[in-house]
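Everything below concerns the one structure shown next.
The values are calculated or read from the model by the stated rules, or taken from the named source; none is laboratory data. As the structure is a computational prediction, the values presented were derived from the model and not from experiment. Backbone-built Cβ (ideal geometry, glycine too); neighbour counts: all protein chains shown. When the accessible area is computed, the model is the full protein with side chains, heavy atoms only, and any ligands, DNA or RNA have been set aside. Shrake-Rupley method; radii C 1.70, N 1.55, O 1.52, S 1.80 Å.
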Amino acid sequence: MSTTIINPGKSFDFKWLQLLFAFLEGDRLVKATSSLVRQLLIPLAALGLFLMLWSAGAASVTTSLGQLPGPAQVWDQGVQLYQEHQAERQKEVAFYQRQEQRNQAKLAKNPDAEVKVRPYTGKPTFLDQIATSLVTVATGFIIASLIAIPIGIICGMSATLYRAINPLIQLFKPVSPLAWLPIVTMVVSAVYISDEPMFDKAFITSAITVTLCCIWPTIINTTVGVSSIDRDLINVSRVLRLGWLTKTIKIVIPSSIPMMFAGLRLSLGIGWMVLIAAEMLAQNPGLGKFVWDEFQNGSSNSLSRIMVAVLVIGCLGFILDRGMLLLQRWATWDRNAVLR
Amino acid sequence: MNNYLSLENISITFATDNGPLNVLDDVSLKVDQGEFISLIGHSGCGKSTVLNIVAGLLNATTGGVLLENREVTEPGPDRAVVFQNHSLLPWLSVYDNVRLAVDQVFGKQKSRQERHEWTLHNLELVHMGHAIERRPDEISGGMKQRVGIARALAMEPKVLLMDEPFGALDSLTRTHMQDSLMEIQGELNNTVIMITHDVDEAVLLSDRIVMMTNGPSATIGEILAIELERPRLRLQLADDPTYNHYRAEVLRFLHDRHAQPDVPTGKPAKTPEVAAEAPAEERPARLKLATG
Ligand SMILES: Nc1ncnc2c1ncn2[C@@H]1O[C@H](COP(=O)(O)OP(=O)(O)OP(=O)(O)O)[C@@H](O)[C@H]1O
Ligand SMILES: [Mg+2]
């Protein structure tokens, strides 16, 4: 029986309507259809409405860069950006082919000739920027997790340490990435000095800024998770005389995993937001820089391209969050917990 | 009396926000090997505290516990505890919960195969051999408690400590569990201290019932030796005058001599006998009600 169908026949006493609804209600199809409506059609309708409002609203705003772009222009620019990417790739392939040919010719003339292989130095495309951003956020997030989880576990296990560290956590947690950035930039320039740097300085600066901002939720959640272990479970480990390490591995960590993953998910969300801001401000490669460059560029297409970037940032953030949710579901033993 | 386990003049005082709270005062008890002791008393009198001191989870303020003439200073698998709310690790399967204990206790003495068999053996003992791969949240309360008992038994403890092991179960499941426990006890002859709120359970299972006075400063008020032959059969005992006499003795202690002043009927859920009782003028009538 589908309960979501309103049966107007009863209130208006239209016999034929009643019959129709009874017929429909008896049908399994109705159930499937109504769940399809709820799952797909409603979000799609909302999306359509949003697009309509957007194009109507955009048409009435004129900026110094021209009309605010509507969905159609943004879509065009999205396609354009992809094509630019492909063109750039073809150029790159062609470049390496030419270089290869030249070197072959050189070697044919004189086998001892010194051949140089120069890397292609094209402008990074939109897709390259996306990849850079993803790598940077992943690096920052992984560093943050590697630091935050052990700290959280230790703080959760020792009330004294927690009291010592808590003020620091509370102090640094609300600091904006924009405030960290200058310090991080200076420190990285001062400390990371190497003749053959393995990583770009800008990359390190962005990653560390991400780390600094997204470390806190994981620390706090892990601490709470660890410190709220059921006392009885601790007693079990005492009766069994589990060693410190066994206790941590077998009892403390598994029991705090749900909280830990909740923290990690928050952290990744924050990290992604922070990264875009950091890239924008520090001119570090990535989506943030793309947005900033387009803004500076100020062509008639710029606004559309920025909007493409905004949508991509949103989609990627959503995908990252879903990924973490899947991981969280997989890692959580508490089947009763509702994760969304 | 072989003084297998002895509680010597145990007192314990907790520091609370309202000043020190003397919970136990001079509790002494000697337990023989293979003896089944029930600890009964009103809620909050300090039964769990006694058990935790024997387990080594709490330290007595004065006095101490001797097991085979050695003082108990810390918790250990020789005094396995079955907790009231089962305390299984929810992320481990039934098998792994027991196996964790087996590995910890016999990791050096037994081979991997032996440990596997010992784990299965103990699960079979509590009739849980059919559900070893399930997680605790996939089995019923009674089954969880069985696994908790299997885990404790698997440690081959010198003393098995049980804190209201069946308190959270419905009465039908509880009867099954009591029968299982009697069966296991008949086989293994463990030394057991069990806390209970259930008078029938105490009389049915115990060799001696230790009745505690009300707190604060609770102590042992009376010890009742139950001299009923084993194996004991629930249905036969129901009409047995000796059995009913023991029952009445415990009830008299709990509800006449040490009735809880502020909560006259105790916790209804935990002491259904009391809830069913009407305020009686004379004792015989009351006993009939209580035993009927
Ligand atoms: N760690 C503690 N700190 C302070 N007071 C405590 C502590 N542990 C127990 N108590 C107090 O000691 C008294 C006895 O507690 P205990 O848990 O032993 O009672 P109990 O007889 O097991 O009760 P129940 O039947 O309800 O389980 C209670 O008044 C309790 O408040
Ligand atoms: Mg208790």
Exercise for the section: Would you work out which of A:THR223, A:TYR82, A:GLY243 lies farthest towards the positive end of the dipole of the protein assembly as shown, given +1 charges on the beta-carbon of Lys and Arg and -1 on that of Asp and Glu, about the Cα centre? Expected result: A:TYR82
Fill in the blank from the handout: With all protein chains in place and a 1.4 Å probe, B:GLU74 shows an accessible area in Å² (nearest 10) of 90
Practice task
Just tell me how shielded B:65-75 is by partners: mean number of partner chain Cβ atoms within 10 Å of each residue's Cβ, no decimals.
Solution key: 1
Problem - Estimated FRET transfer efficiency (A:GLU196, A:GLU114; beta-carbon r; R0 30 Å; 0.05) - result: 0.90
Exercise for the section: Mind checking the full-extension length gain between B:ASP170 and B:ALA15? Use 0.36 nm per residue of separation minus the Cα-Cα distance, one decimal, nm. Expected result: 52.2 nm
Practice task
Using the structure shown, list the pairs from A:LYS247/B:LYS47; A:LYS173/A:LYS250; A:LYS109/A:LYS201; A:LYS106/A:LYS201; A:LYS201/A:LYS250; A:LYS247/B:LYS110 with a Cα-Cα distance above 32 Å, or answer none.
Solution key: A:LYS109/A:LYS201; A:LYS106/A:LYS201; A:LYS201/A:LYS250
Handout entry: Principal-axis tilt of helix B:112-125 within chain B, Cα atoms, nearest 10 degrees
Key = 30
Problem - Average projection area in nm² (convex hull over Cα atoms of segment B:85-156, one quarter of hull surface) - result: 4.2
Practice task
Have a look at the DSSP beta bridges in the protein assembly as shown and tell me what percent are antiparallel, nearest 5.
Solution key: 55
Exercise for the section: Could you tell me how many degrees, from 0 to 90 and to the nearest 10, lie between the Cα long axis of helix B:141-154 and the main elongation axis, the longest principal axis, of the Cα atoms of chain B? Expected result: 70
Completion exercise
Between A:ALA46 and B:GLU183, Cβ-based FRET efficiency (R0 45 Å, step 0.05) works out to 0.10
Exercise for the section: Using a cut-off of under 14 Å, list every residue of segment B:161-199 whose amide N is near the label point 7 Å from the Cα of B:ASP239 along the Cα-to-beta-carbon line. Expected result: none
Fill in the blank from the handout: Of the DSSP H helices in chain A, the ones reaching 30 Å or more along their long axis in Cα terms and averaging at least -1.0 in Kyte-Doolittle hydropathy are A:126-157, A:201-227, A:253-282, A:302-331
Practice task
Would you work out which of A:CYS155, A:ALA131, A:LEU275 lies farthest towards the positive end of the dipole of chain A, given +1 charges on the beta-carbon of Lys and Arg and -1 on that of Asp and Glu, about the Cα centre?
Solution key: A:CYS155
Problem - Overall Cα dimensions of chain A, principal axis frame, Å, largest first - result: 95, 67, 46
Handout entry: With all protein chains modelled, accessible area of A:PHE295 [1.4 Å, Å²]
Key = 120
Handout entry: Mean ellipticity per residue at 222 nm, deg cm²/dmol - from DSSP H runs of n ≥ 4 across chain A, formula -39500 (n - 2.57)
Key = -25500 deg cm²/dmol
Exercise for the section: Whenever you get a sec, line up B:SER111, A:SER255, A:SER228, B:SER206 from highest to lowest accessible area (probe 1.4 Å, protein heavy atoms). Expected result: A:SER228, B:SER111, A:SER255, B:SER206
Practice task
Just need the relative contact order of chain B here, percent rounded to a whole number, with Cα pairs under 8 Å and 6+ apart.
Solution key: 22
Completion exercise
Given unit charges at Cβ for Lys, Arg (+) and Asp, Glu (-), the dipole magnitude of chain B about its Cα centre in debye, nearest 20, is 440
Problem - Cα-centred dipole magnitude for segment B:95-222, charges only on beta-carbon of K, R (+1) and D, E (-1), debye, nearest 20 - result: 560
Fill in the blank from the handout: Out of A:CYS155, A:CYS214, A:CYS315, a Gaussian network model of chain A with alpha-carbon springs under 10 Å gives the largest mean-square fluctuation to A:CYS315
